[in-house]
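Engineer: Right, I'll just put the structure down here and ask away after.
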There are 2 protein chains.
Amino acid sequence: MAERKRHRRGGGGSARRAQRGSLKLEASRFIRRNIPNFEILDAEALEIIETNAETVLEEIGVNFVENPAALARWRDAGADIRGERVHIPRGLARRLCATAPASFTQHARNKARNVEIGGRNLVLAPVYGPPFVRDRAGGRRYAVMADFEKFVRLTYMSKYLHHSGGTICEPTDIAVNKRHLDMLAAHMTLSDKPYMGSVTDPERARDSLAMSEILFGRDFVADNTVMVSLININSPLTFDATMMGALEVYAAAGQGAIISPFVVGGAMAPVSVAGTLTQVLAEVMAGVAYSQLVRPGAPVIAGAFVTSIDMNSGAPTFGTPEAAQITYGAGQLFRRLGLPYRSAGAFTGAKLADAQAGYESANSLNAGLLGGVNFMLHAAGWLEGGLVASFEKFVMDADQLGVLHGLAGGVAVDENAQALDAIREVGPGGHYLGCAHTQANFQNAFWRSELLDYKPFETWDEEGARDTEALAAARVDKLLAAYEQPALDPGIDEGLRDYVARKKESMPDAFS
Amino acid sequence: MAERKRHRRGGGGSARRAQRGSLKLEASRFIRRNIPNFEILDAEALEIIETNAETVLEEIGVNFVENPAALARWRDAGADIRGERVHIPRGLARRLCATAPASFTQHARNKARNVEIGGRNLVLAPVYGPPFVRDRAGGRRYAVMADFEKFVRLTYMSKYLHHSGGTICEPTDIAVNKRHLDMLAAHMTLSDKPYMGSVTDPERARDSLAMSEILFGRDFVADNTVMVSLININSPLTFDATMMGALEVYAAAGQGAIISPFVVGGAMAPVSVAGTLTQVLAEVMAGVAYSQLVRPGAPVIAGAFVTSIDMNSGAPTFGTPEAAQITYGAGQLFRRLGLPYRSAGAFTGAKLADAQAGYESANSLNAGLLGGVNFMLHAAGWLEGGLVASFEKFVMDADQLGVLHGLAGGVAVDENAQALDAIREVGPGGHYLGCAHTQANFQNAFWRSELLDYKPFETWDEEGARDTEALAAARVDKLLAAYEQPALDPGIDEGLRDYVARKKESMPDAFS
């Protein structure tokens, strides 16, 4: 109760300060789709892939490495264990997946920022994992904690990002065994949106839980999901001890996990779309089933991070037709499992936030929306195959996420939307700009970019003929200058600082 | 028969020369979709919009201005004529549309380049109409005939453009009353892909027919569709004499026409999506019905060029959620009319071929593919709201059209595509790069850009850190340097030259 009270005060203070600021702080609710999903696989294709995935699990099996407890759980559940190989009898994994919820709430410290993951919803989160950052002024360089904090602030201020994410970039100036503490503290204190926990070691998952208990209260965390964390499967068909260790911590605590193969098609999966979908489905079924062995009902998200390889250079490619097909197909397969779906993002292989970045990111964002994705990591800031978090790309992507919101709203056909009186009023050869219907509706009729230049050529030219990257750089500066930290109870703030300090002091720096 | 013989010879010579050239000349067949359409309107919404469109036609009516013959045709068909206003009784327009073919063949002088417009197909054509061109070296300037010819050559060499288009840019150095002759001659002699006719005056439509008769033979043109031309409706609800005059010439000759409202939502149509779809449907039904009054069975394409207005600057905007909704919805409405569908394109409001151009164009291209578009004008080269034809953007868009081809192919699930043996061979923890399935399939497994840089960062940086516009500029130069004209019977070539020369001499230059 005490937490909930502080919580409301924080939200109110934040809103007041935002009103005083130079920029209006707006936050869209997560997307509730009012449009259908695009389904690329027909009934026959679905059945073939599902049958083959069961064959993979039973006949080939999956490896749970250096994890005797996992092997024991699988044995007890009825799997056939040979060494570290788990052969899962046909139907068992699917049955185990059935206890995972189809939809769940992830709580934020500001209740207005809670997200509902699953169903017809789409929750958008920033890029995750790049060791480098890039901006127009400073070029490409290793990311540091100051960059990370800037991205948390930008995410907090972005209307269309519902989630603060996790490792938006790697703060390489902090020791590997300590940086998760600073990242979590930044998400918790610089933003009031939901966030992700650390997965690089089970101990760091426990830190994430402990800090969340300081933020939300121990009882609240025991009863509610306050984190969703990214558990990668080591494709093909391998579940390593570090990631499974983190999953075990989170699942046991009722905290959310994205269970997601990381696949470069042609390298970690077959070169064909159907073959990749088969392996991805088998991997997700095994991983989700395992989470339910740890704790039936643990909230999980079925993930698919899939890119294809350029066979000439070996580089991963993005925004490709094969990636779109997999995004659409995986959505169908995971919905038939009754699981929330994570995929897509503002993906690109481009080294700069240029036209290539725009095409590829839009291809992937559109596939994610129409493919029924429920949780989209990497929705803003991704550049250079995920090696770089770009400040300019971040605000470009965040702006384009408004297009997804608008499209997902569907087509209203109430009497006002039908506009028959407007067509009558204007008539053949007339003009709608001044008509009553336009006057009444124009402010909310069309989505409007807050970044792009809609001015006439001559004006744009006089103002310096700026490209989108230049406009984005200006917007980054404007947002960061206007940032105001959301209020947080001083006791909680101190509690977090204290935890981080004590934990850091308890061990020497390690850089691996 | 004589034409057909020459025709085959031309194609063979062209193929041989292309093999000798430094670039492989490839031409994809038009897209045959193996994926479903995305349908955004439910049954109730479709019925409301269709009912309202009939109300618009009956109660409000449409204007056929300065066209007594059109009014007479409508009167004879059972419409109620008041002045220039045609009130079309409920159901009449839809009944008249029924004689238009659901699909038709547009012939090219190279039979391998024939296109089938309708059904599950998608035919891609370049940008149409810009008075300006832009390239990296020369900036933005008025288009001239030399630019036009370059674009015809680039279209001819673009694997994924199936159609040579029409006014790719306006050759402003040629008199308005003569430039159509030079444009047609360029399409006919510099390319062997299908092309569009002139619509700016009924007399120019007749020139287009006469020159096509020289190219294909009079008998062939009498029996076959060799042109598809763009007839814009003057929204709201107005059919002007010039465009209808051109439509009358083409329909009477059995030549194809795109009958297409040109709508900026909020200006020429209501600000709501449902209201815009209502008006667009009414306009298309009236226009297509009229084409069938001229000649039942005349091949037509139902068009929708729809953008929304930025209410602050008055500028048209592109790649917006509302535009996508209209693209999806109009496709459903036109398919229920049994007509081929034209919409979408590589649309953008960007002044440069930058990230904005990429995002917006990809948004529109994806909506066009998934929305069931059969003929996509403006599929390459569009910039700055259609004011500019950009050389760099042209090759960028043309490259991205490969993504549409790949996605439309659907997901194969034959035994090779299932790849179960590959998953068996590689097993948990293995690698697919060397496996037999990858070796057998990698060359055609993934779509590969012919433009974008997939090299590692360090290599790319050493090579000048070029952005996509720079890569595109280099590709434009490379393509134009490698261009070789497809063979044409010298008699036909001379016939065309002679027609153009005589026609030009017959009248003084006019610049309006």
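Please treat every number below as a calculation from the coordinates, not as lab data. Model, not experiment: these values are computed from the prediction. Neighbour counts run over all protein chains shown; Cβ positions are idealised from the backbone, glycine included.
Engineer: If you split all Cα-Cα distances of the protein assembly as shown into 10 Å bins from zero, what percentages do you get per bin, shortest first?
Structural biologist: So the P(r) values, bin by bin, are 2, 11, 20, 23, 19, 13, 7, 3, 1, 0.
Engineer: Also, quick follow-up: Between the stretch B:173-206 and the stretch A:141-179, what is the C-alpha centre distance in whole Å?
Structural biologist: Comparing the Cα centres of the stretch B:173-206 and the stretch A:141-179, I get a distance of 57 Å.
Engineer: Further question on the same structure: List, in order, the whole-Hz ³J(HN,Hα) value for each residue of the stretch A:84-90 obtained from phi through the Karplus relation with A = 6.51, B = -1.76, C = 1.60 and θ = phi - 60°; use x for Gly and Pro.
Structural biologist: 9, 8, 10, 9, 9, x, 3
Engineer: Next up: For chain A, take the longest principal axis of its alpha carbons; what is the angle in degrees between that and the long axis of helix A:490-505, to the nearest 10 within 0 to 90?
Structural biologist: The angle comes out at about 50 degrees.
Engineer: Each residue of the stretch A:197-202 in turn: what ³J(HN,Hα) in whole Hz from Karplus with 6.51, -1.76, 1.60 and θ = phi - 60°, glycine and Pro shown as x?
Structural biologist: With coefficients 6.51, -1.76 and 1.60, one gets x, 7, 10, 7, 6, x Hz.
Engineer: Name the residues whose placed amide hydrogens come within less than 5 Å of the amide hydrogen of B:Ile233, ignoring near sequence neighbours (fewer than 5 apart) on the same chain.
Structural biologist: HN-HN under 5 Å from B:Ile233: B:Ser260, B:Phe262.
Engineer: If amide hydrogens are placed 1.01 Å from N in the peptide plane, which non-local residues have theirs closer than 5 Å to the one on B:Gly410?
Structural biologist: Result for B:Gly410 returns B:Asn34.
Engineer: Just to confirm my numbers, what's the Cα centroid distance between the stretch B:368-404 and the stretch A:275-290 in Å?
Structural biologist: Each part reduced to its Cα centre gives a spacing of 37 Å.
Engineer: Sticking with this one: Whose amide H sits under 5 Å from the amide H of B:Gly265, counting only residues 5 or more places off or on another chain, with H placed in the peptide plane?
Structural biologist: B:Thr307, B:Ser308, B:Ile309
Engineer: Also, quick follow-up: Return the average number of partner chain Cβ atoms within 10 angstrom of each residue Cβ along peptide A:48-55. Let's see the in-between values first.
Structural biologist: Working: counts 6, 3, 0, 2, 5, 2, 0, 4.
Per-residue shielding by partner chains comes out at 3.
Engineer: Take the alpha carbon gyration tensor of the stretch A:14-153, find the square roots of its eigenvalues, order them as a ≥ b ≥ c, and report rounded if a/c is under 1.5; if not, report prolate when a/b exceeds b/c, else oblate. Before the final figure, lay out each step's value.
Structural biologist: On the way: a/c = 2.34, a/b = 1.78, b/c = 1.32.
Judged from the Cα gyration tensor, the stretch A:14-153 comes out prolate (a/c at least 1.5, a/b above b/c).
Engineer: If Rh is defined by the Kirkwood formula over all Cα pairs and Rg also comes from Cα, what ratio Rg/Rh do you get for the stretch B:112-268? Display every interim value, and only then the final one.
Structural biologist: Numbers: Rg = 15.7 Å, Rh = 16.3 Å.
Checking Rg against Rh, the ratio lands at 0.96.
Engineer: Additional query: Mind checking the angle between helix A:391-408 and chain A's longest principal axis? C-alpha axes, 0 to 90 degrees, to the nearest 10.
Structural biologist: The angle comes out at about 80 degrees.
Engineer: Right, next: What average count of beta carbons from other chains do you get within 10 Å of the Cβ of residues in B:434-440? Intermediate results must be reported in sequence, preceding the final value.
Structural biologist: Details: counts 0, 3, 0, 5, 9, 1, 1.
That works out to 3 on average.
Engineer: Suppose you put the label 7 Å out from Cα in the Cβ direction; list, shortest first and in nm with one decimal, how far B:Glu505 is from each other copy's label.
Structural biologist: In ascending order, 10.1 nm.
Engineer: With the Cα gyration tensor of the stretch B:379-443 giving a ≥ b ≥ c as the square roots of its eigenvalues, does the rule (a/c under 1.5 for rounded; else a/b larger than b/c for prolate; else oblate) give rounded, prolate or oblate?
Structural biologist: Values: a/c = 4.64, a/b = 3.07, b/c = 1.51.
Because a/c hits 1.5 or more and a/b exceeds b/c, the stretch B:379-443 counts as prolate.
Engineer: Now a separate question. So if we plug the beta-carbon distance of A:Ala510 and A:Phe262 into 1/(1 + (r/R0)^6) with R0 = 25 Å, what FRET efficiency do we get, rounded to 0.05?
Structural biologist: On the way: r = 24 Å, r/R0 = 0.96.
Step by step, r from the Cβ atoms, then E = 0.55.
Engineer: Another question, then. Where Lys and Arg each count +1 and Asp and Glu each count -1, what net charge lies around A:Gly265 among other residues with Cβ under 12 Å from its Cβ?
Structural biologist: Details: positive: none; negative: A:Asp310, A:Glu322.
So the surrounding residues net to -2.
Engineer: Let me ask something else about it. Could you rank the peptides B:280-293, B:50-63 by their average count of other C-beta atoms within 10 Å per residue, with the highest value first? Walk me through the intermediate numbers first.
Structural biologist: Values: B:280-293: 27.3, B:50-63: 20.9.
Going from most to least packed, we get B:280-293, B:50-63.
Engineer: Separate question: Label point 7 Å out from B:Glu44 along Cα-to-Cβ: which residues of the stretch A:384-412 have amide N under 16 Å?
Structural biologist: Residues passing the 16 Å test: A:410-412.
Engineer: Further question on the same structure: Can you give the extra length, in nm with one decimal, that the chain gains between A:Arg32 and A:Glu462 once fully stretched, where that is 0.36 nm per residue apart less the Cα-Cα distance?
Structural biologist: Values: separation 430, 0.36 × 430 = 154.80 nm, distance 4.15 nm.
Value of the extension gain: 150.6 nm.
Engineer: Taking only DSSP H segments of four or more residues, each worth -39500 (n - 2.57), what value at 222 nm results for the protein assembly as shown once the sum is divided by all its residues, to the nearest 500 deg cm²/dmol? Please list the in-between numbers first.
Structural biologist: Values: 38 runs with 472 residues, N = 1024.
Helix-only estimate at 222 nm: -14500 deg cm²/dmol.
Engineer: Which residue is it, in chain A, whose C-beta lies closest to the A-to-B rotation axis, and what is that distance in whole Å?
Structural biologist: A:Gly358, 1
Engineer: Using the Karplus equation 6.51 cos²θ - 1.76 cosθ + 1.60 (θ = phi - 60°), what ³J(HN,Hα) coupling, rounded to whole Hz, does each residue of the stretch B:346-363 give in order, writing x for Gly and Pro?
Structural biologist: 7, 6, 7, x, 5, 8, 10, 7, 10, 4, 4, 4, x, 4, 5, 5, 5, 4
Engineer: Compute the distance in nm between two label points, each set 7 Å from the Cα along the Cα-to-Cβ direction, one at B:Leu480 and one at A:Ala112.
Structural biologist: Result for the modelled spin labels: 5.5 nm.
Engineer: State, in angstrom, two size descriptors of the stretch A:352-411 derived from its alpha carbons: Rg to one decimal place and Dmax to the nearest whole number.
Structural biologist: My reading of the Cα-based Rg and Dmax gives 11.5, 38 Å.
Engineer: How would you classify the stretch B:215-340 from its alpha-carbon gyration tensor, with a ≥ b ≥ c the square roots of the eigenvalues: rounded for a/c under 1.5, else prolate if a/b is greater than b/c, otherwise oblate? Spell out each step's value before the answer.
Structural biologist: Values: a/c = 2.29, a/b = 2.10, b/c = 1.09.
Judged from the Cα gyration tensor, the stretch B:215-340 comes out prolate (a/c at least 1.5, a/b above b/c).
Engineer: Where does helix A:179-190 land angle-wise versus the long Cα axis of chain A, in degrees 0 to 90, nearest 10?
Structural biologist: Its long axis makes an angle of about 40 degrees.
Engineer: If you build the Cα gyration tensor of chain A and take the root of 5 times each eigenvalue, what three semi-axes come out, in whole angstrom, biggest first? Walk me through the intermediate numbers first.
Structural biologist: Working: eigenvalues 274, 172, 106 Å².
Gyration-tensor ellipsoid for chain A: 37, 29, 23 Å.
Engineer: Evaluate the distance, in nm, between pseudo-label points positioned 7 Å from the Cα of B:Thr200 and of B:Thr99 along their respective Cα→Cβ axes.
Structural biologist: 3.3
Engineer: Mind ordering A:460-472, A:361-373, B:464-476 by average Cβ neighbours within 10 Å, highest first?
Structural biologist: A:361-373, B:464-476, A:460-472
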